[in-house]
Amino acid sequence: MRLGPGSIRGAFDAAVPWNLRERESGGYVLTLSVLVKQAALGPWPLVGEATDAVVVESAFIVSAVDLAGWSQIDADAFRRVLLIVSLSGEPPQDRIEAAVRQAARADAAGVVLATGFSGVGSLDRDALRALARRHGIALLIAPKDPAQVWTRTMRVIRKEREHATGHTGVELREMQRESTRPDGLKRLVRRLARQVGGSAVLLGQEGAPLHAFPELPADVLQEAATEIKRVVTREIRAAAADLRDCVVHVQSIGADETGATLVVVRKERFSPAVRELVTDVSRLLALCWRVDDLSRRRRRADLADTRIREVVLQLLMTGNVQAARRVAGALGPSLSEWIRIYVMAGPPDDRDRLVAHCERVSGGRAWIIRCPVYVGHIIILTPVADEVDEVDEVDEVGDVLQVYAGQVNGVDVGGSTTVALREMASGYAQAFHALAVAQGNAGHFARFSPRGDLATLVRSRGQAWARSALEPLTAYRPPRAQDPDSAELTITLRSWLDFYGGAARQLKIHRNTLAARLRHIEHLLGHPLDDIETQSKFYLALHILDGPGEGDGPPTLEAVLDDPDVRRWAGIQVTPLLRRDPELFMNTLRVWLDNDARLDATASALGISVPGARKRLTRIEETIGHSLLSGPSARYEMWFALRVHDV
């Protein structure tokens with residue numbers, strides 16, 4: 001094909017689609033030496049230099065006369081274009097030399113003198129060789145017709161383009177796979193840097209480097225700071241800077257202002273193929289950035305959901321039912337007036353999967369809370385009809401959880417009786433005690449078996465004693481506004497009696513803060529809290545005041561406990577132990593409580609190992625159906641039961 005000087009560049013651009021351009025670093029390119037071997041045009045006598053460094057993208061037929069006369073040709077009009085010059089009519093030597101000079105000036109890939117079958121005639125080959133070497137351009141002679149040379153040359157070029165297109169598809173698929181990995185952004189930046197043979201840097205929203213490969217070109221970023229800032233602030237979408245030793249390309253990632261910025265640095269100029277590669281990778285980076293951003297938002301939303309549920313749990317455990325209802329109503333579902341509580345224990349790493357299962361089996365109606373104290377526990381609040389018959393009611397959720405616990409290894413479930421929402425603390429304790437039983441039976445599931453609650457039993461006659469015992473704490477007014485008040489200290493005491501060191505996690509305070517509060521509480525109450533008797537008395541006083549009571553009653557604890565109903569209650573608590581192994585179980589329990597529930601001291605007093613003492617207490621837990629070793633613990637009620645029983 002023959003073209004004039006005004007249309008040569010546009011025709012070339014139209015003939016060579018951008019996505020078929022050369023991939024310079026690690027891609028497929030067609031060099032002049034490869035073309036010479038594959039065109040099958042017979043011997044190509046080499047007059048200039050044809051090396052692997054000369055890239056060919058297209059070919060055109062021109063006449064020596066026309067080429068020599070194009071004085072206004074662009075400096076890079078024929079870049080990577082092989083010019084096929086027809087020697088028909090034997091143009092003079094000076095015209096051919098002028099054509100070679102113009103081709104070199106236009107940065108052509110090389111010049112082929114198509115001689116036809118007549119040979120080179122009277123041309124001075126030595127002068128042409130010297131001219132080509134002086135101008136650094138390849139000069140070849142093909143003993144074929146110009147049209148035949150062009151046809152076979154383009155056939156090879158098209159074949160190589162198809163090969164390059166296939167490689168491009170493979171490369172993009174590899175990049176897509178890279179982008180789906182957890183460190184996709186880092187992997188894409190590394191791959192891009194290797195492909196372009198330079199450095200790649202991904203900047204965050206504020207322009208701070210997030211990922212760089214092979215290393216952070218700090219000096220280059222400083223020199224190109226103006227262009228980078230304009231792209232980071234989204235004043236422009238892309239920019240380029242020619243520095244002393246390199247070229248910098250800056251590209252925005254993402255369509256909004258929350259996106260990142262890509263900076264690519266290389267020594268060579270950015271060819272169309274490299275620019276296309278950067279564009280392809282920037283699209284993948286934008287997608288990967290968006291996915292990572294959505295993942296971060298999802299994690300923050302999940303964390304907020306978890307924290308809100310913990311707040312609702314804390315409000316319910318401290319009796320702030322109305323506040324808990326308002327918070328729960330904003331997140332959903334609403335809290336039922338009557339509930340049944342389950343505590344599921346499983347591997348901490350599987351807790352998300354267990355939560356999802358609980359959501360499914362409850363139909364989204366249950367309130368599911370990740371326990372803030374025990375990392376492997378899930379607390380499930382299932383709604384119950386307002387007027388409920390405990391015997392006839394169908395417990396669908398409990399039945400499904402029971403089957404699940406029996407089928408899945410490492411999962412145990414304990415359930416409470418039906419309780420009012422305001423009695424959440426009591427219901428949770430029931431479920432926790434049932435969990436201790438479930439962990440020791442073959443079905444890994446248990447429901448709480450009530451044998452009476454001491455605080456409920458003496459609530460009406462124990463009001464005066466309870467108020468008197470806790471008055472130094474409830475009447476306390478802090479000297480400074482920032483210090484914890486009586487309500488906060490009371491919550492701290494209640495949490496510590498239930499969870500000991502785990503109270504810091506439940507209250508979301510540092511363990512040193514917890515220790516300081518406990519020392520302050522000891523000072524106010526005038527009793528050390530490391531004594532099981534003191535713990536039991538304050539535990540009972542707190543639970544007596546949890547519910548409404550009529551009358552004042554006797555002022556002393558001894559008088560409160562001196563009641564036939566209390567003695568019957570104590571008998572019920574110790575009867576399971578007396579039926580199983582009274583000598584072993586009763587003696588172990590007494591020694592454990594006499595040593596303030598410390599395993600090491602108990603083991604020493606019994607003359608057995610610590611694991612042996614723990615095993616005995618675990619068997620006692622299974623027998624009485626209550627938890628002793630972990631809180632909320634029945635140790636306080638058992639202390640009262642033994643005291644009343646022994647008397």
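The values are calculated or read from the model by the stated rules, or taken from the named source; none is laboratory data. Not measured: the values here are computed from a predicted model. As a convention, Cβ positions derive from the backbone with ideal geometry for all residues, glycine included, and neighbour counts pool all protein chains shown. To get the accessible areas, we keep the full protein, side chains included, count just its heavy atoms, and leave off ligands, DNA and RNA. Shrake-Rupley method; radii C 1.70, N 1.55, O 1.52, S 1.80 Å.
Any idea which residue in region 588-647 is nearest to Ala434 (Cα to Cα), counting only those that are acidic (Asp, Glu) and open to solvent by 50 Å² or more (accessible area, probe 1.4 Å)? Going through the qualifying residues, I end up with Glu622.
Counted as qualifying within region 564-647 are the helices (runs of 4 or more DSSP H) with 3 or more residues that are more than 19 Å from Asp453 (Cβ to Cβ), namely 564-580, 587-594, 599-606, 610-624. Could you please find all residues in region 234-271 being open to solvent by 30 Å² or more (accessible area, probe 1.4 Å), within 25 Å of Glu57 (Cα to Cα) and modelled with pLDDT under 85? Selection gives Glu268, Arg269. In region 552-575, the qualifying residues are those that are of a type in the set (D, E, K, R) and free of Cβ contacts under 8 Å to residues at least 60 places away in the same chain, and the one that is farthest from Gln463 (Cα to Cα) is Arg568. Contact map, region 263-282: residues that are assigned to a helix (DSSP H, G or I) paired with residues that are surrounded by fewer than 17 Cβ atoms within 10 Å (Cβ to Cβ), Cβ distance under 8 Å, separation 6+ or inter-chain. Pairs shown: Pro272/Trp18; Ala273/Trp18; Ala273/Gly27; Glu276/Trp18; Glu276/Asn19; Asp280/Leu172. For the structure I just gave you, tell me whether Ala304 is in a helix (DSSP H, G or I), at pLDDT 90 or above and in contact with a helix residue (DSSP H, G or I) (Cβ under 7 Å, 6 or more places away or on another chain). Against the criterion (in a helix (DSSP H, G or I), at pLDDT 90 or above and in contact with a helix residue (DSSP H, G or I) (Cβ under 7 Å, 6 or more places away or on another chain)), Ala304 does not qualify. When the criteria are applied in full, Leu315 fails the requirement of being buried (at least 19 other Cβ atoms within 10 Å of the Cβ), touching a strand residue (DSSP E or B) at 6+ places or on another chain (Cβ under 8 Å) and either farther than 19 Å from Glu423 by Cα or hydrophobic (A, V, I, L, M, F, W, C) (or both).
The set of residues from region 464-504 being closer than 14 Å to His520 by Cα and among the polar types (S, T, N, Q) comprises Thr474, Ser486, Thr490, Thr492.
Cβ-Cβ contacts under 8 Å between residues 6 or more apart (or on different chains), taken from a first residue in region 225-253 that is of a type in the set (S, T, N, Q) to a second residue that is open to solvent by 50 Å² or more (accessible area, probe 1.4 Å), are listed as Gln251/Arg237; Ser252/Arg237. Among residues of region 354-369 that are touching a residue at least 40 places away in the same chain (Cβ under 8 Å), those with a Cβ under 6 angstrom from a residue that is among the small types (Gly, Ala, Ser) and open to solvent by less than 30 Å² (accessible area, probe 1.4 Å), sequence gap 6+ or separate chain, pair up as Leu354/Gly346.
For (1) farther than 29 Å from Tyr636 by Cα; (2) modelled with pLDDT of 90 or more; (3) open to solvent by 10 Å² or more (accessible area, probe 1.4 Å); (4) in contact with a Gly (Cβ under 6 Å, 6 or more places away or on another chain), each residue gets a yes or a no:
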site: Gly363; (1), (2), (3), (4): yes, no, yes, no
site: Ile369; (1), (2), (3), (4): no, yes, no, no
site: His377; (1), (2), (3), (4): no, yes, yes, no
site: Asp386; (1), (2), (3), (4): yes, no, yes, no
site: Glu390; (1), (2), (3), (4): no, no, yes, no
site: Val397; (1), (2), (3), (4): yes, no, yes, no
site: Val400; (1), (2), (3), (4): yes, yes, yes, no
site: Asn441; (1), (2), (3), (4): no, no, yes, no
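Candidates Ala77, Ala114, Ala98: the one that is open to solvent by less than 10 Å² (accessible area, probe 1.4 Å), over 23 Å from Gln148 (Cα atoms) and at pLDDT below 85 is Ala77. Residues in region 491-502 include at least one that is free of Cβ contacts under 8 Å to residues at least 60 places away in the same chain and more than 34 Å from the chain's Cα centre (by Cα). Within region 318-338, restricting attention to residues that are without any contact (Cβ under 8 Å) to a residue 12 or more places away in the chain and not in a helix (DSSP H, G or I), the residue that is least open to solvent (accessible area, probe 1.4 Å) is Gly332.
Per the conditions (1) open to solvent by 10 Å² or more (accessible area, probe 1.4 Å); (2) more than 21 Å from Arg505 (Cα to Cα), the sole criterion not satisfied by Arg307 is (2). For region 398-513, the helices (runs of 4 or more DSSP H) that sit wholly inside it and include 1 or more residues that are within 23 Å of Val375 (Cβ to Cβ) are 424-438, 486-499, 503-507. Just one of (1) out of contact with any Leu (no Cβ under 8 Å at 6 or more places or on another chain); (2) surrounded by 19 or more Cβ atoms within 10 Å (Cβ to Cβ); (3) among the aliphatic types (A, V, I, L, M); (4) touching a residue at least 40 places away in the same chain (Cβ under 8 Å) fails for Ala345. It is (1). Asn512 meets all of the listed conditions (1) open to solvent by 30 Å² or more (accessible area, probe 1.4 Å); (2) closer than 26 Å to Glu310 by Cα; (3) more than 37 Å from the chain's Cα centre (by Cα); (4) not small (Gly, Ala, Ser) but one, namely (3).
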